[in-house]
Amino acid sequence: MPDNTALVDAFLDHIIVEKGLAANTRLSYRRDLERFNRHIVALKPSQAITDVTPDDIRAWLKTLHTSGLSVRSYTRALITLRGFYRFMLKRGHIKVSPCALIDIPRMDKRLPEFLSIAEVDRLLAAPAADNRPLAIRDKAMLETLYATGLRVSELVGLRLNDLNMQAGYLTTVGKGSKERIVPLGESALVALKRYLDSARGLLTITGAKRRSSRTGDYLFLSTRASAMTRQNFWNIIKRYALMSGIDRAKIKPHIMRHSFATHMLEGGADLRMVQAMLGHADISSTQIYTHVTNERLKKLHKKSHPRG
């Protein structure tokens, strides 16, 4: 069996070092390429990954399709292969990409789901009545997330020195290792001050009793005084959404980010300003929120206008 691992590793190193893509993207690419490699080796044990033909690619995509994979996942797998063989072409390992004539399927753009302002208020209020350190931390995390529109991975990765309480902003590093400054609102600053003044120190002590590893300088700590994970925080949001009477089907990992952007634009914020705060490289990624607000306006008109 040919050793295709070195070529795959070279490509994965390339997308992080030269392209600046996030580590999570690298993991997704690795899974797609390893699955593809297993597929071609199973069919043709002596075939190298650089000898793949367009028919091999089509057979692989057909396998994904018949396995019930979503169009989005199917498309991502094809995008991974296109990127990999483009890299192989540039490095001189192949003369023609086997993906060159294979089109990416068109996907209908789904409008992002978001919470109403009333729902956000209920969600943010859910931990407020609880004076335990974890509830104080959760309140600070929820307020920060809604105030800034950060991705959950960016939120849990915040360090103490990323926060400038006096100036009222935080610094985060997003996709492509791009740093951006995002302002914090008054509610988030109040919640963060309370957390830093009381709860964080108590979580540090609790973590030490549980024989935690070093806390480092992460802003938000788990019960073991270590960095929070995305899954930890995902469970927190779901729990408070349930307490708040919010439809569980609406709760998605990016729900607060989508709500932040939608409410900012509805409040009259400039599209470019929202783009900068969200860390979108392309403004078309931000423009989808204008479609959301336009859809809401049309529904409101239809409901309220006598000839709607």
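Values quoted throughout were computed directly from the atomic coordinates according to the rules given, and no laboratory measurement underlies them. Please read these numbers as outputs of a predicted model, since none were measured by experiment. Note: ideal-geometry Cβ built from the backbone for every residue, glycine included; neighbour counts use all protein chains shown.
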Rh by Kirkwood over Cα pairs, then Stokes-Einstein D for the range 57-127 at 0.692 mPa s and 37 °C, µm²/s: 214
The range 5-76 - Kirkwood radius from inverse mean 1/r over Cα pairs (Å): 13.3
Pairwise FRET efficiency - LEU242 versus ALA59, Cβ, R0 = 45 Å, nearest 0.05: 0.50
Hits among aspartates and glutamates - C-alpha to C-alpha of LYS252 under 12 Å, sequence gap 8 or more where chains match: GLU113
Pairwise FRET efficiency - LEU43 versus LYS250, Cβ, R0 = 51 Å, nearest 0.05: 0.75
Sum of side-chain charges, LEU221 neighbourhood, beta-carbon under 11 Å (Lys, Arg +1; Asp, Glu -1): +2
Rel. contact order, % - alpha carbon contacts under 8 angstrom, at least six apart, the chain: 17
Ranked list, fewest to most other Cβ atoms within 10 Å of each Cβ, for THR286, THR229: THR229, THR286
Pairwise centroid distance, computed over Cα atoms, of the range 120-136 with the range 257-295, Å: 27
For the range 117-304: span of alpha carbons on each principal axis (Å, largest first): 59, 37, 28
Solvent-free Debye scattering, log10 I(q)/I(0), computed from the Cα coordinates of the range 115-181 at q = 0.16, 0.17, 0.20, 0.22 Å⁻¹: -0.62, -0.69, -0.90, -1.02
